[in-house]
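Read the structure below first, then the notes.
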Amino acid sequence: MINIKDIRFEKNVNLSRFTTIRINVTGDIAIVSSKEALKNLLLHLKKIKVNYHMIGHGANQVLLNTEAKLFIKLDFPIGEEEINLKEIYLPASISLNRMTKMAKKYNLGGWEIFTGIPASLGGAIAMNAGTRLGEIKEIIKAVEVIDQAGDIFWLAKDELAFEYRGNKFLKTGDIIIGAKLIYKEIDPNIGMKIDDYLKYRMQTQPLNTKNCGCVFKNPSPDMPAGKIIDELGLKGLKYKSLTISELHGNFIENSGDASAEDFLTFVNEIKERVKRERGIEFEFEVKLI
Ligand code: EPU
């Protein structure tokens with residue numbers, strides 16, 4: 001790899017610490033701390049014809065095929081806690097967790113919708129992440145993107161075609177680098193709303209364990225995958241270091257050094273049991289990379 005200012009390359013390393021489920025897998029990653037560096041990197045990768053994958057904060061994904069691609073993680077400076085409420089701009093690499101702290105500090109009504117989601121802002125926008133309280137799209141005013149050719153541009157609100165847990169506005173290779181955000185109102189009760197929702201999430205989902213969020217899509221709103229797995233008595237089922245969460249059937253927890261193969265073997269076994277016993281074909285909600 002070439003040297004580029006503001007980029008730290010880690011070659012052939014265990015990438016477990018870059019995903020929330022912490023599966024052991026070896027690969028190459030670039031940690032990029034400026035837009036200029038990202039642009040130079042993308043131009044270089046284009047020249048040498050190497051594919052890349054934005055890893056964000058590693059939520060909602062399991063890395064399986066790590067060969068012949070470079071993982072990219074943004075680590076842009078976030079600046080002081082002071083934000084300009086008239087024009088809120090945040091880099092894509094900021095965590096939603098840190099934004100929740102901002103929401104509490106500035107009483108930003110509407111920002112409770114992403115409570116407890118372990119993602120970066122960029123990842124959350126790409127996925128239109130959400131909870132029972134709403135979707136991230138509700139508080140996004142414009143998105144700053146860099147494309148494969150290294151060109152930086154803004155997408156305005158009316159160009160942001162969000163979908164349920166996805167979008168139609170990013171093309172292959174596009175990377176979100178920042179966003180302008182809005183809030184709905186100054187709401188002095190926001191801290192309480194966030195704490196209440198977090199308490200509820202903690203009671204219903206294993207937020208403090210190594211997992212990738214929900215593994216399977218809900219076959220339909222009235223048939224949640226977690227409930228089906230629960231009804232089949234599979235909660236607590238183990239395979240090597242992996243366990244189906246006792247708290248929520250659609251979460252798989254990694255208690256140690258699970259590999260990508262372990263994960264695949266386990267989820268396929270769960271899929272087969274559900275197919276056999278309930279006649280339902282589960283689809284993955286987690287992104288298998
Ligand atoms: N349920 C059970 N047993 C379980 C799990 C759930 O009976 O083990 C029942 C619950 O009691 C409830 C119903 O199933 O009546 C639905 O459960 P929950 O409210 O936990 O929601 P979900 O449909 O399982 C969805 C999203 C989650 C998101 C929550 C809350 C999907 C696949 N999952 O879960 O998203 O956090 O709603 O908004 O759409 C994720 O994106 O990674 C994720 C986990």
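Things to note:
- MRE, 222 nm, helices only [DSSP H, n ≥ 4, -39500 (n - 2.57), over the chain, to nearest 500]: -8000 deg cm²/dmol
- Extension gain (nm, one decimal) between Ile182 and Arg17, 0.36 nm per residue minus Cα-Cα: 56.2 nm
- Dipole moment magnitude, nearest 20 debye, the chain about Cα centre, only Lys, Arg, Asp, Glu C-beta charged: 300
- When the convex hull of its Cα atoms is projected in every direction, mean area for the range 1-127 (nm²): 8.5
- Lys/Arg +1, Asp/Glu -1 at C-beta; the chain dipole; positive extreme among Tyr89, Gly122, Ile48: Ile48
- Test item: Cα-centred dipole of the range 41-83, Lys/Arg +1 and Asp/Glu -1 on Cβ, debye: 560
- Dipole axis of the range 82-197 (+1 Lys, Arg; -1 Asp, Glu on Cβ), positive-most option in Leu160, Asn189, Gly150: Asn189
- In this rough spin-label picture, where each label sits 7 Å from Cα along the Cβ direction, the Phe169-Leu133 distance is 2.3 nm.
- Residue order, fewest to most beta carbons within 10 Å, for Lys101, Lys168: Lys168, Lys101
- Among Thr265, Thr19, a tally of other beta-carbon atoms within 10 Å of each Cβ gives an order, fewest to most, of Thr265, Thr19.
- The range 125-171, dipole about Cα centre (Lys/Arg Cβ +1, Asp/Glu Cβ -1), debye to the nearest 20: 220
- Overall dimensions of the chain as given by Cα atoms, namely Rg and Dmax in Å: 19.5, 56
- Cut-off of 10 Å, at most 15 other beta carbons, DSSP loop: longest stretch of the chain lacking such GluC sites (Glu not before Pro): 88-245
- Bridges between two residues of the chain, per DSSP, are antiparallel at a rate of about 75%.
- Separation between Cα centres of the range 70-103 and the range 110-124, rounded to whole Å: 11
- Within the range 106-144: backbone nitrogen closer than 16 Å to the Asp75 label point (7 Å, Cα to C-beta): 120
Bear in mind that the values in this text are calculations on the coordinates, not laboratory data. This is a predicted model, so every value here is computed, not measured. All Cβ positions, glycine included, derive from the backbone under ideal geometry; neighbour counts span all protein chains shown.
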